[in-house]
Amino acid sequence: MAFKPTSVAKETGVRENVLEKEQKKLVQQSNEELITLEEERIYREGVVSIRDLIAPAAFNVEPSFIQLGTVFCRTIFTTSYPRYISVGWSSPVINLSHTMDIAMFFYPVRAEIILKQLKNKVGALEAQITADHDKGAPRDPLRETALRDIEQLRDNLTQGTEHFFQFAFYITVYSESKEKLDQVTEDIESIFGSKLINTRKVLYQAEQGFNSTLPLCTDELLVTFNMNSSPIAASFPFISAELTSDGGILYGINRHNNSLILFDRFSLQNANMVVFATSGAGKSYAVKLEILRTMMMGVDVIAIDPEMEYKHLCDAVGGTYINISLSSESKVNPFDLPRPVGQDISTADIIRGAVITVKGLLRIMLGGLTTTQDSLIDRALIETYAKKDITGDADLRTVEPPIMQDLEEILEGMEGSEELVLKLKKFTEGTFSGLFNSPTNVDMKNQLVVFSVRDLEDELRPLAIYAIVNYIWNVVRSERKKRILVIDEAWWLMQHEDSARFIFALVKRCRKYFLGVTTITQDVNDFLKSQYGQAIVTNSALQLLMKQSPAAVDLVQKVFLLTESEKYLLLESAVGEGIFFAGFKHAAIKVVASYTEDQIVTTNPEQLMEIEKAKKEFEEQLEK
């Protein structure tokens, strides 16, 4: 058989060329895949992931704390507990206004293991007690108490009514600085120490402590304490503040646990209250409900009503409704003085205080005063009171206070007061002469007195409210009794420094005269941005926050030290819902009223029209 070597060689060469091409093609594909993978890797590095969003900018581990970016954090763990702990023992720490994470770990232990250990412990204790008895030594109450506790625990474990656990309790606190972190740590250790609970700060385990309180359910510290079911149940952390007392009135229902919020505002360090809410959130409704219930306790109430919202309530309870306007017959004289004078303050001091108060009103009326004008007004006011024989040795019970016209006459006789006299004529002879240029003729002898300023122009409202509050303050100082002063839309007074300062002084001093001031406002920004507005909040033991606007909620959160959940609660609250503060306690509240109360205090225009319609129909039937 003959072969053709030339043909075989050609076929072999062809195969080699094909294989070479295949190999080159595979290498090229492999290179393209590698390039694609590298491009995908580079792309992924440029994509933001969940971890990128939640990870801190930096992570620095120190022996006793961790620094996460600009935030410092430290973990505290409990090491031992007293023989008895009350329910909610962790509540004072949980309710602190500090950012913290709390972790609890429960490791079940089989009953037979514990029963064996307890049996040995009982034997040892009984032997020690018997030995002491044989020696004639005095009884040891600690050993006897321990023996009783162990026997009780053995019975409960055997019956299955109790179970045994190893319990771990960790707290990680966060702060903006190392100094503040140390202070918060000290506060928490002091709170636990007052309950005989021993705690420790992490040392060379800061990272493990931080990881143990993350929502990962990993216990890297493993610092446990043996505990049975009952005391562990007392560690339940979700506890809301109770605001139920033996006396006082019903403010609403605790939304957390449906308990009643009963409180007596006069039982606190002061009886002042602030109410912040948007329009239509139910703030006036809540305050009128408080007025109605407070009156049943025998407390006098005085209210300043800018929108005639208290008229229906005043008529229902037989109160006195005083309309202050340019054409009204009811007048309030800003020059009035308190009478009779108490024994704790001299007549000269009362006159001096009246001069300062009237001068504050005049600053608002006249659009500010220069240094020279201020000195002239000061001398003129003293001479105006002296013109009516009101001096340091006068009997204020019999004197007649001056009016604005008297001040103008004194100023006319003083050199350099021409501009002041010209500005003052508008209030003595001009358009506004019907407001401040007459003696006071209102009657305050009623349990509920409401001053209405609805019919006044916006320019005059701050002046009128200032004068009314001054008159009420004089009445309060003349006779001590339980009273509440309600100032609705108090932001009017925050527009001027003199009126804001006057209200702040009133809020600060009213406790001595058994008066509680309630300031209500819907313009939270204007109120809280004033230094006097924030001081009024500080000097108010009761605070009611209802639905807030997104524009104001951040400022409210900062002033009232609210948590993020409480902030969103205020944003999402329905009508009549909010947060009620009483001293150091606070709780989510829902204001509730009976049908009869609702008919009296409602501010719903549609509901008021139905009430008026029913009233007219009833009167028509009576006439028939």
Report task. Set the Förster distance to 45 Å, then compute FRET efficiency between Lys119 and Asn258 from the Cβ-Cβ distance, nearest 0.05. Result -> 0.50
**Report entry** Rounded, prolate or oblate (a/c below 1.5 giving rounded, otherwise prolate when a/b exceeds b/c) for the stretch 59-233 by Cα gyration tensor
**Finding:** prolate
**Report entry** Formal net charge of residues neighbouring Leu544 (Cβ-Cβ distance under 10 Å; K, R +1; D, E -1)
**Finding:** 0
Query - Kirkwood hydrodynamic radius over Cα pairs of the chain, then Stokes diffusion coefficient at 25 °C and 0.890 mPa s, in µm²/s - result: 78 µm²/s
Requested in this report: Provide the gained length on full extension for the span Tyr107 to Leu555, in nm with one decimal, where the gain is 0.36 nm per separating residue minus the Cα-Cα distance.
Outcome: 156.9 nm
Requested in this report: Report, to the nearest 10°, how far helix 371-387 tilts away from the longest principal axis of the Cα atoms in the chain, using its own Cα long axis and a range of 0 to 90°.
Outcome: 50 degrees
Query raised in the report: What relative contact order, as a whole-number percentage, does the stretch 59-233 give when Cα pairs under 8 Å and 6 or more residues apart are counted?
Result: 43 percent
**Report entry** Segment Asp132-Ala614, length gained on full extension (0.36 nm per residue, minus Cα span)
**Finding:** 164.8 nm
Query raised in the report: Taking the Cα-to-Cβ direction at Lys445 and at Ile356 and moving 7 Å from each Cα, how far apart do the two end points lie in nm?
Result: 3.3 nm
Query raised in the report: Ranked highest first by the average count of other Cβ atoms within 10 Å around their residues, in what order do 484-492, 440-448, 129-137 fall?
Result: 484-492, 440-448, 129-137
Report task. Could you work out the mean projected area of the convex hull around the alpha carbons of the stretch 410-457, in square nanometres to one decimal? Result -> 5.0 nm²
Report summary line: One point scatterer per Cα, no solvent, Debye formula: log10 I(q)/I(0) for the stretch 343-439 at q = 0.13, 0.24 Å⁻¹ comes out as -0.44, -1.36
Requested in this report: Name the residues whose placed amide hydrogens come within less than 5 Å of the amide hydrogen of Thr99, ignoring near sequence neighbours (fewer than 5 apart) on the same chain.
Outcome: Tyr174
Query raised in the report: In straight Cα distance, which lysines are under 22 Å from Lys529, not counting same-chain residues fewer than 8 positions off?
Result: Lys283, Lys508, Lys547, Lys558, Lys567
Query raised in the report: So what is the calculated 222 nm ellipticity per residue for the chain, using -39500 (n - 2.57) for each DSSP H run with n of 4 or more, over all residues, to the nearest 500 deg cm²/dmol?
Result: -15000 deg cm²/dmol
Report summary line: Mean separation of Cα contacts under 8 Å (at least 6 apart) over the residue count of the stretch 343-439, i.e. the relative contact order in percent, is 26 percent
Query raised in the report: Among all lysine pairs in the stretch 343-439 that are eight or more places apart or on different chains, how many have alpha carbons less than 19 angstrom apart?
Result: 5
Report summary line: Any lysines whose Cα falls less than 22 Å from that of Lys121, other than same-chain ones fewer than 8 residues away, would be Lys135
Query raised in the report: So what is the relative contact order for the chain, in percent, with contacts set as C-alpha pairs under 8 Å and at least six apart?
Result: 16 percent
Query raised in the report: Based on the mean of other beta carbon atoms within 10 Å per residue, what is the order of 318-330, 347-359, 109-121, most packed first?
Result: 347-359, 318-330, 109-121
Query raised in the report: Using the alpha-carbon atoms, what tilt in degrees (0 to 90, nearest 10) does helix 418-428 show relative to the longest principal axis of the chain?
Result: 90 degrees
Report summary line: Excluding residues fewer than 8 positions from Lys590 in its own chain, the aspartates and glutamates with Cα under 15 Å of it are Glu242, Glu290, Glu566, Glu572, Glu577, Asp598
Requested in this report: Would you order Tyr170, Tyr471, Tyr310 from fewest to most other beta-carbon atoms within 10 Å of each residue's own beta-carbon?
Outcome: Tyr471, Tyr170, Tyr310
Query - Degrees between helix 461-478 axis and first principal axis of the chain (Cα, 0 to 90, nearest 10) - result: 80 degrees
Report task. Apply the Karplus parameterisation 6.51 cos²θ - 1.76 cosθ + 1.60, with θ equal to phi minus 60°, to every residue of the stretch 196-204 and state each ³J(HN,Hα) to the nearest whole Hz, in sequence, with x for glycine and proline. Result -> 6, 9, 7, 10, 9, 8, 5, 9, 6
Requested in this report: Rank-order 423-432, 534-543 by packing density, defined as the average count of other C-beta atoms within 10 Å over each peptide's residues, highest first.
Outcome: 534-543, 423-432
**Report entry** FRET efficiency for Thr70 and Lys481, using Cβ-Cβ distance with R0 set to 60 Å, rounded to 0.05
**Finding:** 0.65
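Just so you know, all these numbers are worked out from the coordinates, no wet-lab data involved. Keep in mind the model is a prediction, meaning the values are calculated, not measured. FYI the Cβ positions are ideal-geometry reconstructions off the backbone, even for glycines, and counts take in every protein chain you see.
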